[in-house]
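Heads up, the thing below is written out as structure tokens.
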Amino acid sequence: MKKYEKIGLGIILLISIIFIGYYFISYKIDTKTPETDQSIEEILEKNKESLDTEVSKSKSMEPKYIYEMIHEMANTLIVAEDGLIYGNITINDENINRAMAIINQSDSIKEDEKLVFMNILQDWKEEDFSNGVQAHNYAWNKLNGTIGRAKDLKKEYK
């Protein structure tokens, strides 16, 4: 009887591991990349006067800092699945312009990520916050987030 108990316990354990692994993998994969309907050049042209700010090439140029900046701005727009939201940066012209300048001048962030983030920020500058959940979860995924995944926009941004 002990032999069958061990086999049964092993099967239950294996099924549990498979289920938990599938859950976490699908949870991360479900993160959609926000749309990029404008090129970086178009966005820079629209904002050239406000982006003339020189940004110090310090830690603010590191990808993690950029992901955190977008993530914390998006936190002001979203409702988290578990109700947990850590950090927020007000979405206003000053912060958007600073973020755009940092992203534009960064050599450490990939071009496809620059395109995504510049489009997110341009939409926010035009007061279109409809991409808030996707923007949040995209940056959250880049930060290897495990809690606070966005499920919806706050009512005032719908």
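The values are calculated or read from the model by the stated rules, or taken from the named source; none is laboratory data. For clarity, every value in this text was computed on a predicted model and none was experimentally measured. Neighbour counts are summed over all protein chains in view; Cβ atoms, including those assigned to glycine, are modelled from backbone coordinates with ideal geometry.
Tabulated data
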{"read-out": "Matching residues, region 71-90, being farther than 17 Å from Y138 by Cα and crowded, with 17+ Cβ neighbours inside 10 Å", "value": "none"}
{"read-out": "Positions within region 103-158 being surrounded by 18 or more Cβ atoms within 10 Å (Cβ to Cβ) and on the phi > 0 side of the Ramachandran plot, in sequence order", "value": "G148"}
{"read-out": "Yes/no for G83 being at pLDDT below 95, among the small types (G, A, S) and within 14 Å of the chain's Cα centre (by Cα)", "value": "no"}
{"read-out": "Any chance S50 is at pLDDT below 75 and surrounded by 15 or more Cβ atoms within 10 Å (Cβ to Cβ)", "value": "yes"}
{"read-out": "Residues that are within 16 Å of the chain's Cα centre (by Cα), over 15 Å from W124 (Cα atoms) and touching a residue at least 40 places away in the same chain (Cβ under 8 Å), drawn from region 86-108", "value": "Y86"}
